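The values are calculated or read from the model by the stated rules, or taken from the named source; none is laboratory data. The shown structure was predicted, so the numbers you read here are calculated from the model rather than taken from an experiment. For neighbour counting, all protein chains shown are included, and Cβ atoms are generated from backbone atoms with ideal geometry for every residue, glycine included.
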Amino acid sequence: MASRPLVLFLIAAGTVFGNSTGTFPPIGDVNLPVLYGLARWDSSYYLGIATGGYAVFQHGFSFRPLFPLIMRILYPLFPFVDVKSAEVLAGFSWNLVALGGTAVYLERSTRQLFGPGVANRALLLLAVFPSSFFFTVIYSEATYILFISAALYYLETRRVLVAGGLGFLAGLSRPEGFLVAIPFLVKVFFEDQKVRKLIAGLTVLASVPAFAVYAYTRTGNILAPFQSEASASKCTILCFFNNPVYEVATGVLPYTINLVAIVLAVIFVVRPLVRGTLSTKLFPYYLWAFVVLAVVFYSGEVLSLARFALVVPPVFWGQAEYSSTRPRFFHGLLIGYSIMLCLATILWVNWYPML
Amino acid sequence: MPVLGISLPSVTLPGMRAMDVTSLRTPTYAESNPARILAENNWTLWNLGAGQGGFTLNYSESGLSLSGSLPPSSEPSAFSISRRLSVNLTEYPVMYMLVDVTPSAGYGIRFYSSRLGLETPLWSESDALNHRSGTGQSENIQVNMLRLTELNTGRIYDSTSSVTVYVERGASSESTPFSLQIKKFEFLDFPLVSASMLGSYHALYVGLGQIQQTPSLSLRSVQLQGRVNASIGTLIVAYFINGLFVYQGPVYSSTKTPVDLSISIALTSQSAKSFSDNLPRESAAIVLVTASGVLSQLTVEHVSLNYYSKVVETSPTTAKSRNGLLNDAFFFVVLPASVLILLYSQLKRTRARRTSSDSAPQTNARHGSTV
């Protein structure tokens, strides 16, 4: 939480002093002094869906409904500004609350799995991760990680069905949320409470058909969310490596921060999996992280890779555990991440494709 | 080198590319007719500008009349009237004014919004409501205020707090008599409704979602082919809207119904300063607006976007099929196989650990000790 004022300051500085590059900013600024930089890029989708529903956008069904729904519920609490500004204030306030909740749940579950030293380190790394500004701006990452952290905590404390319900909500927060069913289902092989874990895992998976049915009621097309995701224009890692010279030539720092963040994330998730050093308690989480990172690394937009890695707790567990006996590495990671966070926050405001 | 040639994808050189987006359009919707009207015809609320004399303001049933004479001056001179005006622009986004100004003078309309006690101008010198020339005839002014204010300020304002109407004249050595009449002052809302059936509509919208543009691929024109049913004598104006940019296309006159449409709108011309109706729900849309008469149905046969590409591109078909194969290989072979291998290894290790921990006490017992 203490890192948020810095993020907010950098966003404000980026918007107030930053020069637009011609095609940016991509959406009209809301009428909020200083804070208008919180709503950029895909924020327009969340804000539009919150008040106008999914009919407003061609690719709207790529976005899950929970965060817009929360903004829709909360924005009347800000009657002294216009609707769009109220939505931004509502989203910003909710994100702060969600981040606070995340810190509590993630600290508890990490403490349970690894002990207090790793828990503290993991939280510090999460706070300064290069893309952690997404927890503050009008994006669904804070909502998503709140439900993920809470689900993992309740799964570890044997309240499995509660965890399944929270996992279902995570599935309604982001498209890849349903994958959190993996630890539930894999734990069936290794641990007790097998039936409950199976039911909870299936509950998490149910978020996919639930949203598809909702899409059907709005469009008559049950495949609308998947078609919407498939048709959105994006540059994946394949596109990047198809023409790396062009990609590098068109930006000052094209995707550097994203690539550094995702490579570090992949190393610290894959390494213990391949070496076979994981306990049966940890293995399901790392396997889930592996699948998420593999999917987003292969099919996710390159400029969002760091954002995708941000909401996968095993990324931070792996780095925190490795650095528990290597203080210099930990300090280097903290400093490196902090510098990249500052740079990435400023770049995101007006120059996201360079991030 | 034919083998190498086969392995290379075909290449498209820089130039125009037509993209058929007929299947991407959203269901057609429309502005219902007539509009909901918020009449601001209480003329007594208008006040003369402070500190200026020699002008008269008359109120009557038929409108507001400002008359007087601008004195000789070596510099441009102006005189204004204003009133408080609280309008929710989200509810009534379109401003309509029927005004008549003598040809000797120019005029303009300026709106303000109040936020935290501060009066914020919603106008700019170059917008469609400022520095207009008087014509001596009644003029209909109809403007989407949400678009206008966002263009002027870069922000979204959903309410107004006051309005000022001014009369102006350039430097002149003679006094200039003038009159300005405001006959109607209203805010309109044309509710958007589905246009899947025959109806009575003021405008019809074909949504195209969000248009993708990159530095190497720029949209140059849009084309729509289809038929529109309209009352005889209807004047139809076609627009293409992309965000806040509005491009006007051809004007059709309905002498028979249905009218065959073949609309082509170039984006090379300057964006229109004002738009008279609701903005579309989507970021980009083709809109047919009636200047007079009523629209009843639109049948879209074909919509295409014409892009200009600045770079050489490999054949999308080849890339698509190649990516399709890669996708299949990744999602159906590589990823599941990796997960299964990892899962199997972990299960094997767990069993081995259990076996060794089970056998350890037995071994130790055999040697006469327990753990």
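What is the residue count in segment B:250-295 for residues that are more than 26 Å from B:Asn130 (Cβ to Cβ) and small (Gly, Ala, Ser)?
Number of matching residues: 10.
Go over the candidates B:Ser104, B:Ser113, B:Ser77, B:Ser124 one by one and state the one that is assigned by TED's automatic domain parsing to the domain that holds B:Leu64, at pLDDT 90 or above and in contact with a strand residue (DSSP E or B) (Cβ under 8 Å, 6 or more places away or on another chain).
B:Ser113
State yes or no: is A:Ile11 buried (at least 22 other Cβ atoms within 10 Å of the Cβ), at pLDDT below 90 and more than 13 Å from chain B (Cβ to nearest Cβ)?
The answer is yes for A:Ile11.
Filter segment B:103-141 down to the residues that are among the β-branched types (Val, Ile, Thr), surrounded by fewer than 19 Cβ atoms within 10 Å (Cβ to Cβ) and under 23 Å from B:Gln270 (Cβ atoms) and list them by number.
Scanning segment B:103-141 gives B:Thr135, B:Ile141.
Can you name the residue in segment A:267-301 that is of a type in the set (Ser, Thr, Tyr) and over 26 Å from A:Glu229 (Cβ atoms) and, of all such residues, is nearest to the other protein chains (Cβ to nearest Cβ)?
A:Thr280
How many residues does segment B:233-292 contain that are away from every other protein chain (no Cβ under 14 Å) and in a loop (DSSP other than H, G, I, E, B)?
18
Where in segment B:113-209 are the strands (runs of 3 or more DSSP E), entirely inside, with at least 2 residues that are over 24 Å from A:Asp82 (Cβ atoms) and more than 14 Å from chain A (Cβ to nearest Cβ)?
Per the criteria, B:138-144, B:159-169, B:176-189, B:201-207.
Based on what the data block shows, is B:Ser74 among the hydroxyl-bearing types (Ser, Thr, Tyr), more than 14 Å from every other protein chain (Cβ to nearest Cβ), buried (at least 18 other Cβ atoms within 10 Å of the Cβ) and on the phi < 0 side of the Ramachandran plot?
no
Being surrounded by fewer than 18 Cβ atoms within 10 Å (Cβ to Cβ) and away from chain A (no Cβ under 14 Å) is the filter here; which residues of segment B:86-99 pass it?
B:Leu98
Looking at A:Gly100, A:Gly53, which is the one that is in contact (Cβ under 8 Å) with a residue 40 or more places away in the chain, surrounded by fewer than 16 Cβ atoms within 10 Å (Cβ to Cβ) and within 11 Å of chain B (Cβ to nearest Cβ)?
A:Gly53
Looking at A:Tyr36 and the list (1) part of a helix (DSSP H, G or I); (2) out of contact with any Asp or Glu (no Cβ under 7 Å at 6 or more places or on another chain), which single condition is not satisfied?
(2)
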